[in-house]
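The values are calculated or read from the model by the stated rules, or taken from the named source; none is laboratory data. Given the structure is predicted, the values throughout are model-derived calculations rather than measurements. A quick note on method: Cβ atoms are made from the backbone with ideal geometry, for glycine too, and the neighbour counts reach across all protein chains shown. Only protein heavy atoms, including side chains, enter the accessible area calculation; ligands, DNA and RNA are left aside. Shrake-Rupley method; radii C 1.70, N 1.55, O 1.52, S 1.80 Å.
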Amino acid sequence: MKKRSFVATLALTALLTACGKNDAPKPAAEAPAPAPVAAASTKLVVGLDDNFPPMGFRDEKNEIVGFDIDMAREAAKRAGIEVEFKPIDWNAKEAELLGKRVDALWNGLTILEERKEKILFTDPYMVNKQIIIVKAGSPIKTKADMAGKIVGAQEGSSAVTAMEKDKELSSQFKETKLFGDNIAALMDVEAGRLDVVVVDEVVGRYLVSKKPDNYVVLAEDFGTEDYGVGFRKDDEATRNKINDVLAEMKKDGKAEEIAKKWFGADVIKH
């Protein structure tokens with residue numbers, strides 16, 4: 001009996017010890033260290049189409065000038081960032097940005113939902129339309145008249161996107177021709193090789209103003225859109241810094257001053 005009691009006692013002790021081990025609280029796992037936040041850049045390489053007046057283009061001295069150039073220079077100065085302007089193939093703008101060959105896209109860049117998947121935008125700083133331009137004396141008076149006609153636009157531009165959204169009309173075009181820049185497209189309209197050009201209002205009206213007797217802007221358009229500055233998604237700090245100074249420029253009137261210099265009116269989205 002004593003032997004049985006002794007064995008039973010040992011078994012009970014072992015059982016209690018095992019239970020105690022299982023019930024003991026486990027040490028809390030250490031929380032993972034937060035990912036370091038990238039600092040804002042000290043230099044900003046701005047990618048642009050240097051044949052997109054008045055947003056960004058070359059003057060008679062071959063220097064890059066324009067509305068967006070002045071806006072970017074002022075914003076960079078206020079943010080304490082050095083700025084460099086780099087002409088790129090605008091049709092490959094996203095590849096240039098994501099490949100880190102430029103740090104920002106600042107040249108009449110339309111904020112689109114599909115672009116937001118890859119690009120981090122500032123708040124809108126300007127409103128734009130996609131207008132329709134024809135040769136003076138053209139029988140094309142409305143959007144519906146574009147059916148059966150040769151329609152042109154800049155490759156990779158928001159004009160192409162806007163027309164594609166209107167599938168009912170664009171499917172009726174005789175042909176859609178894409179150009180490297182809007183100036184070449186308008187020259188084809190003037191020469192009669194193209195019936196219509198769809199283009200950003202800011203650049204379209206600027207170019208038409210140079211030859212007002214040669215072109216007509218239709219009353220209808222392909223819709224309005226907002227312009228913003230585009231950054232890589234991992235460069236939130238620089239985007240935030242530029243966003244803050246753009247808001248400051250709107251508030252203190254500097255953005256309006258730059259707009260009036262290039263457009264003769266306040267086209268800033270406040």
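Name the residue that is nearest to Ala191 (Cα to Cα), counting only residues in region 110-148 that are charged (D, E, K, R) and in a strand (DSSP E or B).
So the residue we want is Lys135.
Filter region 164-173 down to the residues that are open to solvent by 60 Å² or more (accessible area, probe 1.4 Å) and part of a loop (DSSP other than H, G, I, E, B), then identify the one that is nearest to Asp145 (Cα to Cα).
The qualifying residue nearest to Asp145 (Cα to Cα) is Gln172.
Restricting to region 206-227, and then to whatever is assigned to a loop (DSSP other than H, G, I, E, B) and charged (D, E, K, R), can you tell me which residue is least open to solvent (accessible area, probe 1.4 Å)?
Among residues in region 206-227 that are assigned to a loop (DSSP other than H, G, I, E, B) and charged (D, E, K, R), the one least open to solvent (accessible area, probe 1.4 Å) is Lys211.
Restricting attention to region 252-270, which residues are in contact (Cβ under 8 Å) with a residue 24 or more places away in the chain and either buried (at least 16 other Cβ atoms within 10 Å of the Cβ) or more than 20 Å from Ile242 (Cβ to Cβ) (or both)?
To start, the set of residues in region 252-270 that are in contact (Cβ under 8 Å) with a residue 24 or more places away in the chain comprises 254-255, 258-259, 261-263, 267-269.
Those that are in contact (Cβ under 8 Å) with a residue 24 or more places away in the chain and either buried (at least 16 other Cβ atoms within 10 Å of the Cβ) or more than 20 Å from Ile242 (Cβ to Cβ) (or both): Lys254, Ala255, Ile258, Ala259, Lys261, Trp262, Phe263, Val267, Ile268.
Can you find even one residue in region 107-115 that is in contact with a Lys or Arg (Cβ under 7 Å, 6 or more places away or on another chain) and surrounded by fewer than 17 Cβ atoms within 10 Å (Cβ to Cβ)?
no
Could you pull out the residue among Thr176, Thr161 that is in a strand (DSSP E or B) and either touching a residue at least 12 places away in the same chain (Cβ under 8 Å) or of a type in the set (S, T, N, Q) (or both)?
Answer to the selection: Thr176.
Between a first residue in region 189-218 that is among the β-branched types (Val, Ile, Thr) and a second residue that is modelled with pLDDT of 95 or more and open to solvent by 50 Å² or more (accessible area, probe 1.4 Å), which pairs have beta carbons less than 6 Å apart while being 6 or more apart in sequence or on different chains?
As it stands, the answer is Val189/Lys135; Val196/Lys149, since those pairs meet every condition given.
Being in a helix (DSSP H, G or I) and touching a residue at least 12 places away in the same chain (Cβ under 8 Å) is the filter here; which residues of region 87-109 pass it?
Passing the criteria: Trp90, Asn91, Ala92, Lys93, Glu94, Glu96, Leu97, Leu98.
Out of Arg58, Arg78, report the one residue that is modelled with pLDDT of 95 or more, touching a strand residue (DSSP E or B) at 6+ places or on another chain (Cβ under 9 Å) and open to solvent by 30 Å² or more (accessible area, probe 1.4 Å).
Details: Arg78 fails: touching a strand residue (DSSP E or B) at 6+ places or on another chain (Cβ under 9 Å).
Every option except Arg58 fails the conditions.
Tell me which residues, restricted to region 182-199, are outside any helix (DSSP H, G or I) and in contact with a helix residue (DSSP H, G or I) (Cβ under 7 Å, 6 or more places away or on another chain).
Those that are outside any helix (DSSP H, G or I) and in contact with a helix residue (DSSP H, G or I) (Cβ under 7 Å, 6 or more places away or on another chain): Leu194, Val196, Val197, Val198, Val199.
Looking only at region 175-193, count how many residues are modelled with pLDDT of 95 or more, of a type in the set (Val, Ile, Thr) and under 27 Å from the mean Cα position of the chain (by Cα).
Residues that pass the stated criteria total 1.
Tally time: how many residues in region 116-147 are within 19 Å of Arg232 (Cβ to Cβ) and either at pLDDT below 95 or open to solvent by 50 Å² or more (accessible area, probe 1.4 Å) (or both)?
Residues that pass the stated criteria total 4.
In region 53-71, what count of residues is obtained for those that are free of Cβ contacts under 8 Å to residues at least 40 places away in the same chain and of a type in the set (A, V, I, L, M, F, W, C)? First the steps, then the outcome.
As a first pass, look at region 53-71 and keep what is free of Cβ contacts under 8 Å to residues at least 40 places away in the same chain: 57-65, 69.
From what is left, the residues that are of a type in the set (A, V, I, L, M, F, W, C) are 57, 64-65, 69.
Qualifying residue count for the region: 4.
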